[in-house]
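Here's the structure, in structure tokens; my notes come after.
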Amino acid sequence: MKTVISVIGKDSVGIISKVSAVCSECNVNIIDITQSVLQDMFVMVMLTDISGASCPFTEFSDKMKKLGETIGTDIRVMHEDIFNSMHRI
């Protein structure tokens, strides 16, 4: 199963590293990543595979949310199916 992770917030050193570290800690594979900095705003979207995750989806999502609060960003994790349904016309 895949998830879409979005990260938005003020740019700072180490955001990608910290988000990747949580993925690694939970054995979540990063399939694709795109990021940009718009003036001083950091924006990133990651596609991940959670089929081999070492923790339940809700725990992984909670860890990402807490990380976001710690580093001053908004981090959301969404199942790929929900993401696709929301963006289907």
(message) I'd like to check which strands (runs of 3 or more DSSP E) are fully inside the chain and have at least 2 residues that are in contact with a strand residue (DSSP E or B) (Cβ under 6 Å, 6 or more places away or on another chain) and without any contact (Cβ under 8 Å) to a residue 60 or more places away in the chain.
(response) 29-38, 41-49
(message) Any residue at all in region 49-60 that's of a type in the set (Val, Ile, Thr), modelled with pLDDT of 95 or more and within 17 Å of ILE16 (Cβ to Cβ)?
(response) no
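Please find, among VAL43, VAL28, the residue that is of a type in the set (A, V, I, L, M) and within 18 Å of ILE8 (Cβ to Cβ). Before the answer, list the steps.
Details: VAL28 fails: within 18 Å of ILE8 (Cβ to Cβ).
Exactly one of VAL43, VAL28 is of a type in the set (A, V, I, L, M) and within 18 Å of ILE8 (Cβ to Cβ), namely VAL43.
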(request) Kindly provide the set of residues from region 9-58 that are over 18 Å from GLU80 (Cα atoms), exposed (fewer than 15 other Cβ atoms within 10 Å of the Cβ) and β-branched (Val, Ile, Thr), ordered by number. (result) VAL13, VAL37
(request) Scan region 16-41 for residues that are over 17 Å from ASP62 (Cα atoms) and among the aliphatic types (A, V, I, L, M) and jot them down. (result) ILE16, ILE30, ILE31, ILE33, VAL37, LEU38, MET41
(request) Can you tell me which residue within region 61-75, out of those that are touching a helix residue (DSSP H, G or I) at 6+ places or on another chain (Cβ under 8 Å) and surrounded by 14 or more Cβ atoms within 10 Å (Cβ to Cβ), is farthest from VAL22 (Cα to Cα)? (result) THR73
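The values are calculated or read from the model by the stated rules, or taken from the named source; none is laboratory data. In this text the structure is predicted, and so the values were computed from the model without any measurement. With ideal geometry, Cβ positions are generated from the backbone for all residues, glycine too; neighbour counts draw on all protein chains shown.
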